[in-house]
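Below is one structure, written out as structure tokens; the observations come after it.
The values are calculated or read from the model by the stated rules, or taken from the named source; none is laboratory data. Predicted model, so just to flag it, every value in this text is computed and none were measured. Cβ: placed from backbone, ideal geometry, glycine included. Neighbour counts: every protein chain shown.
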Amino acid sequence: MSDKFVINGNRELTGTIEVRGSKNAAGPCLAAVLLTKEECIIDNLPLIEDIKNTIGVLESMGVKTEWIGERKLKLKAESVNPENINLQNVSKTRMSVVLFGSLIGRVKDFKISSPGGDVIGLRPITVQLKALEKIGAHIEKEGSVYHIWRDELQGREIILGEFSPTATEALMMAAVLAKGKTLIKGAASELSVQDLSKMLVSMGAKINWLGSHTIEIEGVESLHGCEHSVEPDHLEAGTFIVAGALTPGRVVVKNINFDYLDLFLYKLEEMGVNLDRGENQITVFYSPFIKPVRAQALPHPGFPTDLLPIIIPLLIKAQGKSLVHDPLYENRLGYMHELRKMGGDLEIVDPHRAFIFGPKNLEGTSVNSLDVRAGAVLILAGLMANGKTVINDIFHIDRGYENIEERLQKLGADIKRISS
């Protein structure tokens, strides 16, 4: 059985909390070390399950690793043997799909299992596979394992069928060592893509952004080692900002990259959340009077899909009816059934849209974490609810948030992990 969180709500939160490195950026940056035999150092890694699994996959193939700081890892992929890859770890995390791109750039033939991740709807990797095929990869699926091989990777113009961060990242890593020029149109521009781009450039790649969604890559003969620090996680920052708004007190959220929070903060201000923005930090004050809004998730620079669930507890407090729309994932709204158990008045209109009627007071009860962000939503709901909330299946939360209970305890939250 999984561990549980037990939260006694309605506690004042006061103090400072620091944002860790981005989960979604750290995975591709780790995968990129396969593209060179030289030593790479990656700093500001979040110590979460998805990243630990990714490191385990690299080590299983022969990558030498050494922790030289609390969140600073030295890696050297001098020799890589994909035949020894830990397929079980690959299947535990969605971000392992980016290994398709770095491995095809490093070796000519390998097998890898289907990636895992949150069950939030149909998440085929068709776009990723088609992009790699266009650049010269051959791909066959054998049960749950993909056999991927190539002779020579050749740059060309590629139009992605959707703004997919993982497809963009995998293609970028394959293209940096391909012959000639690759032009990626319809590229995603999320934090993880841009952070990977910075790391690849520091390794000697020739990458040029032509606007927000077009990337030009000139292939090079080889890449060298580098030192790179992962960008702070804007999704974690958003979670803690909402926690400060929901509960009495005053919370300072530090180490924020505002470039990826523009629409999120705009929407919070529209709701009436009390914020004081500083340099790389935000002070959040208890915001008891919330206005209803309409919010839609869109690719960057739009409202982040992973932050749409995070604002739902605020909308439960709002004075009126709100509408949220996530066109990307048809099972994303499953957490709303759990919020209903706590007394939330939410109506799922279709798999992508829901109404939230407020204001409602939540009451603690037993709920289930369905994925990373759903788990974070339930923590937020538990912090604002009356009585005791028990959150089951918190392994999902551990995949995306580092020691979240300990960090919230330092702010004054009454949250405990109960080990099975």
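Just a few scattered comments:
- Matching residues in the stretch 293-323 - criterion: being in a loop (DSSP other than H, G, I, E, B) and either within 20 Å of the chain's Cα centre (by Cα) or more than 23 Å from residue 9 (Cβ to Cβ) (or both): 293, 298, 299, 300, 301, 302, 304, 308, 320
- Hits in the stretch 352-374 - residues which are in a loop (DSSP other than H, G, I, E, B), small (Gly, Ala, Ser) and either more than 16 Å from residue 311 (Cβ to Cβ) or within 21 Å of the chain's Cα centre (by Cα) (or both): 364, 369
- Any hit, the stretch 203-218, residues being among the polar types (S, T, N, Q) and either at positive phi or in contact with a Phe, Trp or Tyr (Cβ under 8 Å, 6 or more places away or on another chain) (or both): no
- Within the stretch 314-321, one or more residues are modelled with pLDDT of 95 or more and out of contact with any Pro (no Cβ under 9 Å at 6 or more places or on another chain).
Here is a yes/no grid of residues against (1) touching a Ser or Thr at 6+ places or on another chain (Cβ under 8 Å); (2) at pLDDT below 95; (3) part of a loop (DSSP other than H, G, I, E, B); (4) more than 30 Å from residue 78 (Cα to Cα):
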position: 225; (1), (2), (3), (4): yes, no, yes, no
position: 237; (1), (2), (3), (4): no, no, no, yes
position: 287; (1), (2), (3), (4): no, no, yes, yes
position: 291; (1), (2), (3), (4): no, no, yes, yes
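- Selected residue [within 26 Å of residue 253 (Cβ to Cβ) and not in a helix (DSSP H, G or I)] from 400, 382: 400
- Residue ID - nearest to residue 278 (Cα to Cα), chosen from residues in the stretch 4-47 that are of a type in the set (Ser, Thr, Tyr) and assigned to a strand (DSSP E or B): 16
- Conditions (1) surrounded by fewer than 17 Cβ atoms within 10 Å (Cβ to Cβ); (2) out of contact with any strand residue (DSSP E or B) (no Cβ under 8 Å at 6 or more places or on another chain); (3) charged (D, E, K, R); (4) part of a helix (DSSP H, G or I); number of the one not met by residue 50: (1)
Results for (1) over 21 Å from residue 32 (Cβ atoms); (2) surrounded by fewer than 17 Cβ atoms within 10 Å (Cβ to Cβ); (3) assigned by TED's automatic domain parsing to the domain that holds residue 205, shown as yes or no for each residue.
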position	(1), (2), (3)
136	no, no, yes
145	yes, yes, yes
152	no, yes, yes
155	no, no, yes
162	yes, yes, yes
165	no, no, yes
172	no, no, yes
179	no, yes, yes
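- Residue in the stretch 73-91 that is closer than 22 Å to residue 403 by Cα and part of a helix (DSSP H, G or I) present: yes
- Residue 258, sole failed condition from (1) in contact (Cβ under 8 Å) with a residue 24 or more places away in the chain; (2) in contact with a His (Cβ under 9 Å, 6 or more places away or on another chain); (3) more than 22 Å from residue 322 (Cβ to Cβ): (1)
- Filter result for residue 377 (under 19 Å from residue 292 (Cβ atoms), touching a residue at least 40 places away in the same chain (Cβ under 8 Å), aliphatic (A, V, I, L, M) and not in a loop (DSSP other than H, G, I, E, B)): yes
- Residue 335 hydroxyl-bearing (Ser, Thr, Tyr), without any contact (Cβ under 8 Å) to a residue 60 or more places away in the chain, outside the structural domain of residue 51 (by TED's automatic domain parsing) and farther than 20 Å from residue 10 by Cβ: yes
- Test: residue in the stretch 93-100 that is at pLDDT below 95 and in a loop (DSSP other than H, G, I, E, B): yes
- Residue among 174, 237, 187, 170 that alone is small (Gly, Ala, Ser), under 25 Å from residue 48 (Cβ atoms) and in contact with a helix residue (DSSP H, G or I) (Cβ under 6 Å, 6 or more places away or on another chain): 170
- Check on residue 225, in contact with a Lys or Arg (Cβ under 7 Å, 6 or more places away or on another chain), outside the structural domain of residue 339 (by TED's automatic domain parsing), surrounded by fewer than 21 Cβ atoms within 10 Å (Cβ to Cβ) and in contact (Cβ under 8 Å) with a residue 24 or more places away in the chain: no
- Total residues in the stretch 386-395, condition crowded, with 24+ Cβ neighbours inside 10 Å and either among the small types (Gly, Ala, Ser) or in a helix (DSSP H, G or I) (or both): 0
- Any hit, the stretch 179-192, residues being within 25 Å of residue 78 (Cβ to Cβ), touching a His at 6+ places or on another chain (Cβ under 9 Å) and touching a residue at least 60 places away in the same chain (Cβ under 8 Å): no
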